[in-house]
Amino acid sequence: MSSGSTTANLILKDPEKGLKQCYELYGRKLINYAIRSWNLEEDAAWDLVYKILFSLKDTVKRYSFESEEKFQSFLFRMFINYIKNHFRDDARKKKGVVEVELDQSHEFLKSENDLNEKENPNVFILQEELDKLEEWQRILLLMRSQDVPYSEIAKLLDKPESQLKVYYGRLKNSLFEKMRSKIQIKN
């Protein structure tokens, strides 16, 4: 892949080639993650990968990604949401299923060199604070960080655009304050 080129860009230019590349780069990793971390049966894991690939062609149009890493993070978060929905909708949901925190589950995306580097403790603090938010709040923060217009977010979240602007400002300020206080305590 050339520099500056992402799988997301390829999906936009040539959906068939882009989805094939996405499948080749991430398909097996997503399957292994779903089986290992969520105890999904292999068939169910494959179904979820196919569902995500099917919806990715339309979903990726709404976002822009600065790098392949940003696309990986987006794809992984989307996959986690598909897994959560699978368990939520499936009558066979087991009580013993435990969600894996995003910072630990990103392990499948890292190279061997990345795994040997020490993790930044501030990332764990941030993830902890994000996990405390409601899902729509996390979506709002994520989508605004990708410069998605409020009008698009309002359609997805079914909330008035003007309220989202207020929510975003409050969420961002609150998150900064919580991060600042926790980082000062630890330092």
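Every read-out reported here was derived from the displayed coordinates using simple, explicitly stated rules and does not represent laboratory data. In this text the structure is predicted, and so the values were computed from the model without any measurement. Neighbour counts run over all protein chains shown; Cβ positions are idealised from the backbone, glycine included.
Which of Lys29/Lys70; Lys13/Lys57; Lys70/Lys159; Lys13/Lys51; Lys70/Lys182; Lys132/Lys182 have a Cα-Cα distance over 18 Å?
Among Lys29/Lys70; Lys13/Lys57; Lys70/Lys159; Lys13/Lys51; Lys70/Lys182; Lys132/Lys182, the Cα-Cα distance tops 18 Å for Lys70/Lys159; Lys13/Lys51; Lys70/Lys182.
What ranking do Phe87, Phe71, Phe54 get, fewest neighbouring Cβ atoms within 10 angstrom at the top?
Phe54, Phe87, Phe71
When the chain is fully extended, how far beyond the present Cα-Cα distance does Ser174 get from Leu141, taking 0.36 nm per residue of separation? Before the final figure, lay out each step's value.
Values: separation 33, 0.36 × 33 = 11.88 nm, distance 1.19 nm.
This chain segment gains 10.7 nm when fully extended.
Once Rh is set to the Kirkwood radius over Cα pairs, what Stokes-Einstein translational diffusion coefficient, in µm²/s, holds for region 1-86 at a temperature of 37 °C and a viscosity of 0.692 mPa s?
Estimated via Stokes-Einstein, D reaches 252 µm²/s.
Restricting everything to alpha-carbon atoms, can you work out Rg to Rh for region 118-187 with a Kirkwood hydrodynamic radius?
Result: Rg/Rh = 1.04.
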